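Visitor: Supplied in structure tokens, the structure appears directly below.
The values are calculated or read from the model by the stated rules, or taken from the named source; none is laboratory data. For clarity, every value in this text was computed on a predicted model and none was experimentally measured. Every residue, glycine as well, gets a Cβ built from its backbone with ideal geometry; the counts of neighbours run over all protein chains shown.
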Amino acid sequence: MNLDPPPVIGLTCSRQAAPERYYVSEDYAWAVAAAGGLPVLLPPVGTGRRPPGGQAPQGLEAQAAAILRRLDGLVLTGGGDVDPAWYGEEPLPALGPVDPARDGLEMALARLAWQQDMPVLGICRGLQVMVVALGGSLYQDLPSQLPGAQRHHWDTARNVAVHPVQVKPGSRLAELLGRAAVDVNSFHHQAAKAVPAALKVTALSPDGVVEGLEAPERRFWLAVQWHPENLWEDDPEFLSLFRALVLAAGGGRLSS
Ligand SMILES: [Mn+2]
């Protein structure tokens, strides 16, 4: 599948404080490129202030709108914790570091992308951002809030599958993966708690943790809690998620 020109796919990224830099795993960019898209990075240029009342700082809203005008699709990538202020909770002791600028830009991107029906693939933190952007909430920390859950935060190599996931028959995710069950990698201690009505759960781990979501009313709004960008070179079925994003971003057009 080749689209010409390739759809431009934005990748959100993390910030490091010292030395100051933006970063994201190369695997996201390689997966988008392998799927026929043109990956570009989206650094959050923000004030660093906590979100007042769950609203993105003004500058980040404007950034997000300007960015989306130039994109065909978006990958909300993995990363650190989402500030629970975005869903009206105080931080629990096990909450990790949060980044107001990244949160602000991603919430604004997600909300605008939803309104504009821009294709979005959410991965790990990206799934969580999609949930919170549409009014849902998260487990701030699975081990302390859901002690019966299995281990989801592993120190394995990135391409090692550590737990199974059941995929809901009839979902877009099931169609793309072509299987009712997959074994996946897992590097998260947060997870979706209250899922907004617009998003349907498409995958669960055996302990009931949400591992996949999609919005049937959107062209392509799909998210997974695992990391397909680390798995597709070993298991090509996982590239199908990126291919579907790129195809939707290209408006369904195909050449060659
Ligand atoms: Mn998991």
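Visitor: Evaluate the range 15-26: report whether one residue or more is within 19 Å of the chain's Cα centre (by Cα), buried (at least 18 other Cβ atoms within 10 Å of the Cβ), modelled with pLDDT of 95 or more and closer than 27 Å to Ala244 by Cα.
Guide: yes
Visitor: Pick out the one residue from Leu105, Leu142, Leu127 that is within 23 Å of Trp232 (Cα to Cα), crowded, with 18+ Cβ neighbours inside 10 Å and in contact (Cβ under 8 Å) with a residue 60 or more places away in the chain.
Guide: Details: Leu105 fails: within 23 Å of Trp232 (Cα to Cα); Leu142 fails: within 23 Å of Trp232 (Cα to Cα).
One residue alone meets the criteria, Leu127.
Visitor: What pairs come up if the first residue lies in the range 189-216 and is without any contact (Cβ under 8 Å) to a residue 40 or more places away in the chain, the second is within 14 Å of the ligand (Cβ to nearest atom) and part of a loop (DSSP other than H, G, I, E, B), and their beta carbons are under 8 Å apart, counting only those six or more places apart or on different chains?
Guide: Ala203/Gln225
Visitor: Can you confirm whether Leu204 is buried (at least 18 other Cβ atoms within 10 Å of the Cβ) and not aromatic (Phe, Trp, Tyr)?
Guide: On the way: buried (at least 18 other Cβ atoms within 10 Å of the Cβ): no; not aromatic (Phe, Trp, Tyr): yes.
Taking the combined requirement at face value, the residue does not satisfy it.
Visitor: For the range 134-235, which strands (runs of 3 or more DSSP E) that fit wholly inside it have 2 or more residues that are within 16 Å of the ligand (Cβ to nearest atom) and in contact with a Lys or Arg (Cβ under 7 Å, 6 or more places away or on another chain)? Explain how you work it out, then say what you get.
Guide: Values: elements: 163-167, 181-184, 200-204, 210-214, 221-224.
Correct list: 200-204.
Visitor: If you check Gly126 against the conditions, is it closer than 12 Å to Val224 by Cα, within 15 Å of the ligand (Cβ to nearest atom), at pLDDT 95 or above and not in a helix (DSSP H, G or I)? Spell out the reasoning first.
Guide: Numbers: closer than 12 Å to Val224 by Cα: yes; within 15 Å of the ligand (Cβ to nearest atom): yes; at pLDDT 95 or above: yes; not in a helix (DSSP H, G or I): no.
Criteria not met by Gly126.
Visitor: While we're here: Looking at Ala157, Ala174, Ala161, Ala149, which is the one that is hydrophobic (A, V, I, L, M, F, W, C) and loosely packed, with under 15 Cβ neighbours inside 10 Å?
Guide: Working: Ala174 fails: loosely packed, with under 15 Cβ neighbours inside 10 Å; Ala161 fails: loosely packed, with under 15 Cβ neighbours inside 10 Å; Ala149 fails: loosely packed, with under 15 Cβ neighbours inside 10 Å.
Just a single option satisfies the conditions, and that option is Ala157.
Visitor: Examine the range 109-119 for a residue that is of a type outside the set (Ser, Thr, Tyr), assigned to a loop (DSSP other than H, G, I, E, B) and buried (at least 16 other Cβ atoms within 10 Å of the Cβ), and state whether such a residue exists. Working first, answer last.
Guide: Going residue by residue through the range 109-119, those that are of a type outside the set (Ser, Thr, Tyr) are 109-119.
Those still in the list that are assigned to a loop (DSSP other than H, G, I, E, B) too: 117-119.
Checking which are buried (at least 16 other Cβ atoms within 10 Å of the Cβ) leaves us with 118-119.
Yes, that holds for at least one residue.
Visitor: Identify the residue in the range 224-244 that is of a type in the set (S, T, N, Q) and within 15 Å of the chain's Cα centre (by Cα) and, among all such residues, is surrounded by the most Cβ atoms within 10 Å (Cβ to Cβ).
Guide: This residue is Gln225.
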